[in-house]
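Each reported figure results from applying straightforward, stated rules to the coordinates on display, with no laboratory input. The structure presented is a predicted model; accordingly, all values stated were derived computationally and were not measured. Note: ideal-geometry Cβ built from the backbone for every residue, glycine included; neighbour counts use all protein chains shown.
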Amino acid sequence: MDAPAADRRRRRNAALQVAVLIVLLGVLVAAVAADWANARRVLRAADWRLLAPALVVTAFSYLCSSAAYAQAFRAFGVASRTPRLLLAGFVSMAVNNLITLGNVVGYSVGAILLRDRDTGLRDIAAASAFNSYLYFAVGTTCLPLSLLYVIAGRRLPPRAEAGLVLVVALGCTLAVIVNLAVFLPRVRSALLGFLGRVFRRLTRRHVESGLAAFDGSLTRGLALLRTRPVRLVGLLAAIIGDWLFCTAAVWFCFAALGIRLHPGVLLSGFFIGIAAGALSMLPGGVGVQDGSMAGVYALLGVPFGPALLAAVLFRVTYYLMPFAFGLAVYGRLLRTTAPLSGPGPGPTA
């Protein structure tokens, strides 16, 4: 595929995503406006003081995600000062949370901030992939449990129940494949080779050598991690802390609107909504995540209108505000990032 055609295709895809986002945002606005009298009553009765603890647990969540990012990069031998790793981790995770899209955008921003003459781009990619994998591992563990909670907690139509069971089975299968690919080099090499061949057929571009180099970086990083297993314990602790503080932010956003969520209800709506938003492949899962979260909570007994308002409040508190702060941090870090006059010692794309 020639460069002009590829550019046109990217522009068309971007325009389509923007159009879908506008439609979904319009649906959200219309859903709130349709019951505006009730929404206004809920907002007037809200206890806005609870936004303070929501912001506090949001800050702790991002602190945990930044610490996990820094520990993953340290474990994979990426040489950079800890404060810079933490700040780059904050910016990357703020972008990932807002934009999603497979976490590619956020980790790419982190690569820009961290790459120097002593750090190969593929080492950064391998550390980013492993950090993302650990988040995936926790999420795919909790998602089937959340779906089973919904099945056990509510009488569902047989087709809906069968569909949820199928989703659980597919999620577990995907989790097994990913785990095997991460920890078994032969499986990973075979999978990356297959993906490289598929990509070549679709785009006429050869990426097999780059994927093989990435595979080597990931293998070296995992070998380094095995020499210091305490790093893996710290990584998992930081990631679990991130998830817990994030769900606490959801709880406080709902509590601010007068809704006290049971822990099982809280976790089920949260993980199903997050998964739906990620699978939509829309930036941040806008509209899909919020609507899915509100729909699951409504299925579990929470009024849909207040649940949708709380989901939107959570998006503003947890996604938009840290992202705005992250832009300032990104600008400061970018000014202190030395430009490269040539490639570093590691292999580059």
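Points worth noting:
- Each residue of the range 282-288 was assigned a 3J(HN,Hα) from its phi angle through the Karplus expression (A = 6.51, B = -1.76, C = 1.60, θ = phi - 60°), giving 8, x, x, x, 4, x, 5 Hz with x at Gly and Pro.
- The HN-Hα couplings worked out from phi for the range 169-174 by the Karplus form 6.51 cos²θ - 1.76 cosθ + 1.60 (θ = phi - 60°) are 5, 5, x, 5, 5, 4 Hz, whole numbers, x standing for Gly and Pro.
- Principal axis extents of the Cα atoms in the range 41-335, from largest to smallest and rounded to whole angstrom, are 58, 47, 39.
- Listed from fewest to most Cβ neighbours within 10 Å, the set D242, D215, D47 follows the order D47, D215, D242.
- Taking label points 7 Å from Cα along the Cα-to-Cβ direction, A190 and H262 give a separation of 4.4 nm.
- Protection-proxy order for peptides 136-143, 270-277, 56-63, each taking the mean of Cβ atoms within 10 Å per residue, highest first: 270-277, 56-63, 136-143
- Efficiency of FRET from Cβ geometry, A160 and H206, R₀ 51 Å, rounded to 0.05: 0.70
- The percentage of C-alpha pairs in the range 129-268 whose separation is greater than 26 Å is 45%.
- In this simple spin-label model, placing a label point 7 Å from the Cα along the Cα-to-Cβ direction at both S108 and L148 gives a separation of 3.8 nm.
- Normalised by the number of residues in the range 41-335, the mean separation of alpha-carbon contacts (under 8 Å, six or more apart) gives a relative contact order of 30 percent.
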